[in-house]
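Contents: one structure, followed by commentary.
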Amino acid sequence: MPLPFQEVLKRPDVIKAICDQIISTATSANSAVFRYALKIGLFDQQLPLIFKSAKQPSLRALSFNALFDGEIRWPEGRRTYWVDKPLGISRTISEMKTRPLFLDINKDHLLLSALNDKSPVMRRAAMAALIRHQIISSRAQEFAQSMLSDRSKAVRERAQFILSRCAQIG
């Protein structure tokens, strides 16, 4: 049985109001609201707008990743993983859940927009997406080459990785 709170969240006027709030403010509290809304599928149709318009770069990066990957990911608890049980060495890792995102979007245009964003968070997310999807092509090499002189060290490192991977493959 759905909670009354969840029923209110499904109203179009409420979705629009929350989306407008998320786009227009640059506070970190929006990130938690946005992640929850993505998890329950409230903002699927608004993701392209949030990607283009959100003031907070981390929200634009979350939108980019969801749109580019074609899925929504969120942490769903933690689990202990034993590295060496007799010595008592363990690590805690996050369990991730996913759900598919059914939006028809031009990924080349999306990638170009992210690479040309003023925020290094967005440019890093775009380069990481190229690596994550193992897009090793002449187009990826062009993107990586253009990012070698980026101000952000993280973006430059990802660009160098892509170029080295392209050189290994030949």
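Listed values, structure above:
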| read-out | value |
| --- | --- |
| Solvent-accessible area, 1.4 Å probe, carbon plus sulfur percent, for the chain | 54 |
| Inter-site label distance for Q6 and T25 at 7 Å from Cα along Cβ, in nm | 2.5 |
| At R0 = 45 Å, FRET efficiency that the Cβ-Cβ distance of S146 and V83 yields, to 0.05 | 0.65 |
| HN-Hα J in Hz across region 117-124 - Karplus 6.51, -1.76, 1.60, θ = phi - 60°, x for Gly and Pro | 5, 6, 8, x, 4, 5, 5, 5 |
| Contour minus Cα-Cα distance for S164 and I15 (0.36 nm per residue) | 49.2 nm |
| Highest-fluctuation residue, I93, I22, I131 considered, GNM on the chain with Cα pairs under 10 Å | I93 |
| Trypsin sites (Lys or Arg not before Pro), loop per DSSP, at most 13 other Cβ atoms within 10 Å - longest free stretch of the chain | 56-117 |
| Probe 1.4 Å, accessible area per residue of region 6-46, Å² | 57 |
| Residues whose placed amide H lies under 5 Å from that of E71, excluding near-sequence neighbours | L101 |
| Efficiency of FRET between N106 and R73 - r from beta-carbon atoms, R0 25 angstrom, step 0.05 | 0.70 |
| MRE, 222 nm, helices only [DSSP H, n ≥ 4, -39500 (n - 2.57), over the chain, to nearest 500] | -18000 deg cm²/dmol |
| Candidate values [x] 29, 16, 13; [y] 28, 19, 13; [z] 30, 25, 14, label of the one derived for semi-axes √(5λ) of the Cα gyration tensor in Å | [z] |
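The values are calculated or read from the model by the stated rules, or taken from the named source; none is laboratory data. Quantities reported herein were computed from a predicted structural model and do not represent experimental measurements. All Cβ positions, glycine included, derive from the backbone under ideal geometry; neighbour counts span all protein chains shown. Please note that ligands, DNA and RNA were not included when accessible areas were found on the heavy atoms of the full protein model with its side chains. Shrake-Rupley method; radii C 1.70, N 1.55, O 1.52, S 1.80 Å.
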